[in-house]
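In what follows, a single structure is set out as structure tokens and then discussed.
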Amino acid sequence: MLDLLIKNVNLANGEKGRDIAVKDGEISQIAAAIQAPAKKVIEGNGQLASAPFVDSHFHMDSALSLGQPRLNQSGTLLEGIALWGELKPSLTVEVIKQRALEMCKWSIARGTLAIRSHVDISDDRLLAVEALLEVREEMKDYLDLQLVAFPQDGFLRYPKSRENLLRALDKGVDIVGGIPHFERTMEDGASSIAALCEIAAQRGLKVDMHCDESDDPMSRHVETLAAQTIKHGLQGRVTGSHLTSMHSMDNYYVSKLLPLMREAQLHVVANPLINITLQGRSDTYPKRRGMTRVPEIMNAGINLAFGHDCVMDPWYSFGTHDMLDVSYMGLHVAQMTGIEQIQQCYQAVTDNGAQVLQLENYGLKEGNNADIVILEASSAIEAVQLRPERLFVIRRGKVIASCAPVQRNLHLSAMDSDQQPVSFSHGLFE
């Protein structure tokens, strides 16, 4: 007896008309027309069954804090950092935790079941660390939450960052973070990378740094990050997030940089919603887009994922933590509108993100965890086009969120009382 049988779904890789059998929290079989009794049957009706969405770069400690203590009037990164600094003294563990738990509900409803969140350790009380460690434990049955010890005010710039970072790691934070471009000098930024990579190597941990998040074409911190990764034998365990300076670098330098990043087996996370909003603000025209070189990085054989980064906080006044919104914005900013490129942008919020987080047993394969999202779309490409409803969100074989299919009624002849409304579904080309 199966625990769950999902009938007649299409897969993100293009396979159609598949059934998915689930037993003991794992996918036991994927095939056409599986004949087996099951405790629960879901009729897929040709909709898309996907692995869960992955947010590779997020700030859960600040999420849903919009307007506290005031709105970001300039819309800039630096005013956002200043606003967060103003808010921190009034924060409590309870307030941070309450917002984070609410954020997790938003995430689950949209099929985002794996999140890497940076957590600010430039507060000597480590309130956000305490809150998110509790959230990670309470939500572990519903989503995977990785935490990055993030020295928001600079690892060298803030005097107690080293002490606080080590305390956070001792408490159970997973990953070493950094922000070298926020140090006082380029040399301090490079020194911070070296020190943080050494800590990660000594503790056997992964690294994820905000890196080169500026419009400065001379910012070189990802180069240093790649070199330190190789020096400390951290290949495959290091992520460079943002890398927006690459959008402004000359092509010759980038032609040297990409092979170094590939040699270091760096992961890259771009944040399209935030990068297109915060970067290029000092430009008049021509005006830079600001997001890193997404297609070039992918074509160089470097794993690149997309992150949401912020939801309704000092840096970004929008968002619902829908990773399909991120994918949709990403393909626009990167001008990746070809069929294969749209598929790549879908992978940037699924498979590629799972590689960044190094998730085990991820994906719709026999023997993997039965973590599945069924969307009101027939393919991955249509999902990006429509950003449709998540009909079922399944975690370890159990439905943890669901939504009725969207049915819209158009009253095309409102003046004619005898005219019947025309109904149509959300999908295209049915």
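Quick notes on this structure:
Yes/no matrix, rows are residues, columns are (1) closer than 25 Å to Gly319 by Cα; (2) at pLDDT 95 or above:
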site	(1), (2)
His232	no, yes
Arg237	no, yes
Asn251	no, yes
Lys256	no, yes
Pro259	no, yes
Ala264	no, yes
Pro272	yes, yes
Arg289	yes, no
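- Looking only at segment 282-327, residues that are over 22 Å from Ser74 (Cβ atoms), outside any helix (DSSP H, G or I) and either free of Cβ contacts under 8 Å to residues at least 24 places away in the same chain or of a type in the set (Lys, Arg) (or both) come to 1 in all.
- Output for segment 200-223, where each listed residue is over 21 Å from Asn352 (Cα atoms) and surrounded by fewer than 22 Cβ atoms within 10 Å (Cβ to Cβ): Ala201, Gln202, Arg203, Gly204, Ser214, Asp215, Asp216, Pro217, Met218, Arg220, Glu223
- Number of positions in segment 352-388 that are of a type outside the set (D, E, K, R), surrounded by 20 or more Cβ atoms within 10 Å (Cβ to Cβ) and out of contact with any helix residue (DSSP H, G or I) (no Cβ under 7 Å at 6 or more places or on another chain): 15
- Taken residue by residue, segment 241-264 has no member that is touching a Gly at 6+ places or on another chain (Cβ under 9 Å), assigned by TED's automatic domain parsing to the domain that holds Lys287 and over 27 Å from Asp55 (Cβ atoms).
- Filter result for Asp188 (surrounded by fewer than 24 Cβ atoms within 10 Å (Cβ to Cβ) and within 25 Å of the chain's Cα centre (by Cα)): no
- Among the numbered conditions (1) assigned by TED's automatic domain parsing to the domain that holds Ala82; (2) within 17 Å of the chain's Cα centre (by Cα), the only one that Val373 does not meet is (1).
- Filter result (buried (at least 17 other Cβ atoms within 10 Å of the Cβ) and either among the basic types (Lys, Arg) or not in a strand (DSSP E or B) (or both)) within segment 26-50: Ile34
- Flag for Ser423 being at pLDDT below 95, touching a Lys or Arg at 6+ places or on another chain (Cβ under 8 Å) and not assigned by TED's automatic domain parsing to the domain that holds Ser327: yes
- Screening segment 313-329 for residues that are in contact with a strand residue (DSSP E or B) (Cβ under 8 Å, 6 or more places away or on another chain) and hydrophobic (A, V, I, L, M, F, W, C) and picking the one that is farthest from Val294 (Cα to Cα) gives Trp315.
- Of all residues making up segment 100-122, the number that are of a type in the set (Val, Ile, Thr) and either surrounded by fewer than 23 Cβ atoms within 10 Å (Cβ to Cβ) or assigned to a helix (DSSP H, G or I) (or both): 1
- Of all residues in segment 74-99, those satisfying the criterion of being of a type in the set (Gly, Ala, Ser) and part of a helix (DSSP H, G or I) are Gly80, Ala82, Gly85, Ser90.
- Qualifying residue in segment 144-152 (condition: in a helix (DSSP H, G or I) and either in contact with a strand residue (DSSP E or B) (Cβ under 8 Å, 6 or more places away or on another chain) or in the same structural domain as Thr92 (by TED's automatic domain parsing) (or both)): no
- Any chance Ser28 is under 20 Å from the mean Cα position of the chain (by Cα) and small (Gly, Ala, Ser): no
- Any hit, segment 281-292, residues being touching a strand residue (DSSP E or B) at 6+ places or on another chain (Cβ under 9 Å), hydroxyl-bearing (Ser, Thr, Tyr) and assigned by TED's automatic domain parsing to the domain that holds Ser62: yes
- Hits in segment 334-387 (condition: of a type in the set (Gly, Ala, Ser), part of a loop (DSSP other than H, G, I, E, B) and touching a residue at least 12 places away in the same chain (Cβ under 8 Å)): Ala334, Ala348, Gly363, Gly367, Ala370, Ala377, Ser378, Ser379
- Residue within segment 2-17 that is outside the structural domain of Leu132 (by TED's automatic domain parsing), on the phi < 0 side of the Ramachandran plot, crowded, with 22+ Cβ neighbours inside 10 Å and not aliphatic (A, V, I, L, M) present: yes
The values are calculated or read from the model by the stated rules, or taken from the named source; none is laboratory data. Given the structure is predicted, the values throughout are model-derived calculations rather than measurements. Ideal geometry is used to build each Cβ from the backbone, glycine not excepted, and the neighbour counts take in all protein chains shown.
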